[in-house]
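The values are calculated or read from the model by the stated rules, or taken from the named source; none is laboratory data. Quick caveat, the model's predicted, so the values are computed rather than measured. All Cβ positions, even for glycine, are placed from backbone atoms using ideal geometry, and neighbour counts span all protein chains on display. Each accessible area value is taken on the protein alone, full model and side chains, heavy atoms only, with ligands, DNA and RNA left out. Shrake-Rupley method; radii C 1.70, N 1.55, O 1.52, S 1.80 Å.
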Amino acid sequence: MAPRFSPVWLVLLGILSVQLGAAIAKDLFDEISPTGIVWLRLVTSAVVLGLVARPVLRGRTRADWTVVIGFGVTLGVMNWAIYQAFARIPLGIAVTIEFVGPLTLAVLGSRRPRDLLWVALAALGVLLLGLQPGDVTLAGAGFALLAGAAWAAYILLSAQTGERWPGLGGLAVASVVATVLLGPAAMAVSGTALLDWRVLAVGAAVGLLSSVVPYSCELVALRSLKPAVFSILMSLEPAAAALAAIVVLQEFLTPTQWAAMACVVVASVGATRSGRALTEPVPD
């Protein structure tokens, strides 16, 4: 049965939500470490999705558990690494560098010359950031690249999780895995900050905006959207991050950096308009 809502709109909703959550989280870094806020975000996701999805654990095969545990590990690494990048470089730049991961996946997965042109334009946007000195640190770029690699793995494992676990059950289990993975590090570096009621409240809001809403949208979208096409659509992430940073953090970019944003946005729009095949449901 065809999805009730277009998978493209679900992806766009997820993009807006996750970047607003990221900007709010960065504004909290003076009070709690990036690792701590990521952990609170994942705790919120695990609790909310667990209550909503109530995943059935009995009767699962070893392959089911392997996929969902791998999905959880990628969630933890992706979130931790990109928040480390946010702490060191501007949001929009970090997300643009992170896009190297799904961009590579799109290059490997595309068989249509038209799609490769859009990927090349998005790659140009990423390369333009290297022309702007001062804003990009080696550590920040490294963490963003690590997040990008985890993002590519997330795209593939999310699709497999959606096939093996009905509803949002797989996402709920993966969120628990990611929470357990990052728990010790978060407690070690954040300490008593995790007990502050304001930090807990903001962390919960970030969890809803940056995990529950976008991951749920993406998991549903990937059931009818090819992973390579999803990767190209996600090129809107840098522009969304830059706009969220302006609104929440008053974090402004240079003209060259905006040119890089424009490249990836045009690439995404081109991919979205390249025909019905982009949103053709994937056979069950």
**Q.** Answer residue from the stretch 209-229, given it is within 12 Å of the chain's Cα centre (by Cα), hydrophobic (A, V, I, L, M, F, W, C) and open to solvent by less than 40 Å² (accessible area, probe 1.4 Å) and is nearest to Leu105 (Cα to Cα) among those
**A.** Leu219
**Q.** Residue check, Val47 over 30 Å from Thr137 (Cβ atoms), surrounded by fewer than 18 Cβ atoms within 10 Å (Cβ to Cβ) and either in contact (Cβ under 8 Å) with a residue 24 or more places away in the chain or in contact with a Leu (Cβ under 6 Å, 6 or more places away or on another chain) (or both)
**A.** no
Q: Take the residues in the stretch 146-192 that are among the polar types (S, T, N, Q) and under 28 Å from Thr104 (Cα atoms), then tell me which one is nearest to the chain's Cα centre (by Cα).
A: Ser158
Q) Pairs, please: C-beta under 9 Å, at least 6 apart or cross-chain, first residue at pLDDT below 85 and of a type outside the set (Gly, Ala, Ser) and in the stretch 160-187, second open to solvent by 40 Å² or more (accessible area, probe 1.4 Å) and in a helix (DSSP H, G or I)? A) Leu168/Val52; Leu168/Val220
Q.
I need the full set of residues from the stretch 13-34 which are more than 13 Å from Ser210 (Cα to Cα) and either open to solvent by less than 10 Å² (accessible area, probe 1.4 Å) or under 16 Å from the mean Cα position of the chain (by Cα) (or both), in order please.
A. Leu28, Ile32, Pro34
Q) Say we look at the stretch 78-92 and pick out the residues that are open to solvent by less than 10 Å² (accessible area, probe 1.4 Å) and touching a Gly at 6+ places or on another chain (Cβ under 8 Å); which of these is farthest from Leu40 (Cα to Cα)? A) Ile89
Q | Members of the stretch 58-109 that are among the basic types (Lys, Arg) and in contact with a helix residue (DSSP H, G or I) (Cβ under 9 Å, 6 or more places away or on another chain) | A | Arg60, Arg88
**Q.** Pick from the stretch 249-284, criterion part of a loop (DSSP other than H, G, I, E, B) and at pLDDT below 70, ranking: surrounded by the most Cβ atoms within 10 Å (Cβ to Cβ)
**A.** Ser274
Q: Return yes when Ala94 is modelled with pLDDT of 75 or more, in contact with a Phe, Trp or Tyr (Cβ under 6 Å, 6 or more places away or on another chain) and among the aliphatic types (A, V, I, L, M) and no when it is not.
A: yes
Q | Elements of type helices (runs of 4 or more DSSP H) contained in the stretch 131-208, each with 1 or more residues being under 21 Å from Gly21 (Cα atoms), open to solvent by 50 Å² or more (accessible area, probe 1.4 Å) and in contact with a Leu (Cβ under 9 Å, 6 or more places away or on another chain) | A | 169-190, 197-207
Q | Answer from Leu20, Leu12 - the residue that is at pLDDT below 90, assigned to a helix (DSSP H, G or I) and within 14 Å of Pro238 (Cα to Cα) | A | Leu12
Q. For the stretch 237-248, does any single residue satisfy the condition of being open to solvent by 40 Å² or more (accessible area, probe 1.4 Å) and modelled with pLDDT under 85?
A. no
Q: Go through the stretch 55-77 residue by residue and tally those that are open to solvent by 10 Å² or more (accessible area, probe 1.4 Å) and either part of a helix (DSSP H, G or I) or in contact with a His (Cβ under 6 Å, 6 or more places away or on another chain) (or both).
A: 11
